[in-house]
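Worksheet for the structure shown next.
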């Protein structure tokens, strides 16, 4: 134990001046650190310092850093609510998509966790909170008349789109913000016109990118291509 931890640790039998350490409190602090400094700066030792605790006390609530990262993702996804009883499933999926975008933009450093952590953990071993949106969307769609298999396909299509949309929106696409010419502003003047005529021709569209509008247009295309509940049942 380092000097800082030793100084902040209570004597045997004494309550910690900061109160009882819970998993929820630990994860809330971890999320604050990730929001402020990014994933790479999060460590068990650094988190312990922020909480004024012995680092070993954190392992009662998270087995390792991977478990801690899963918990941070779970904390963020807890902000996403789905109403499985909404009779307008299309409107509900749009509401979920808009919520997800707002949450992701509020926690941009957590977005890589939302995208990659599920790929690193078998479904049944993931934190239960990360599975709640999936369960509720499956309930929403099966109650609307979709088969379970089609409901799962719709969920995967929706969140595959959302993950890609958010990662794209968080990218910096402007090379020279002060430049008024769209080709120069985006750096597209470097692309040979005979090789990339379509991309160069879309300079004004690319320069006027709006995340909220792009999301709605993407949802229009995605939802229009989904089967109806009647089609799914036949």
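The values are calculated or read from the model by the stated rules, or taken from the named source; none is laboratory data. Since we're looking at a predicted model, the values are computed, not measured. Because the Cβ atoms are built from the backbone with ideal geometry, glycine has one as well, and the counts that use them run over all protein chains shown.
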query = If a residue has to be at pLDDT 80 or above and touching a helix residue (DSSP H, G or I) at 6+ places or on another chain (Cβ under 7 Å) to count, how many in segment 168-187 make the cut?
reply = 2
inquiry  = Go through (1) surrounded by fewer than 19 Cβ atoms within 10 Å (Cβ to Cβ); (2) assigned by TED's automatic domain parsing to the domain that holds residue 222; (3) touching a helix residue (DSSP H, G or I) at 6+ places or on another chain (Cβ under 8 Å) for residue 99 and report which single condition fails.
reply    = (3)
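Please return the ranges of helices (runs of 4 or more DSSP H) entirely within segment 43-102 where 1 or more residues are under 30 Å from residue 142 (Cα atoms). Quick ask: steps written out before the conclusion?
Details: elements: 44-51, 55-58, 65-77.
Passing ranges, in order: 65-77.
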task = Hey, could you check segment 83-96 for residues that are farther than 17 Å from residue 215 by Cβ and in contact (Cβ under 8 Å) with a residue 40 or more places away in the chain and say which is surrounded by the most Cβ atoms within 10 Å (Cβ to Cβ)?
result = 89
query = Does segment 117-128 contain any residue that is more than 16 Å from residue 77 (Cβ to Cβ), modelled with pLDDT under 95 and part of a loop (DSSP other than H, G, I, E, B)?
reply = yes
query = Quick check: is even one residue across segment 223-234 assigned to a helix (DSSP H, G or I), in the same structural domain as residue 161 (by TED's automatic domain parsing) and at pLDDT 85 or above?
reply = yes
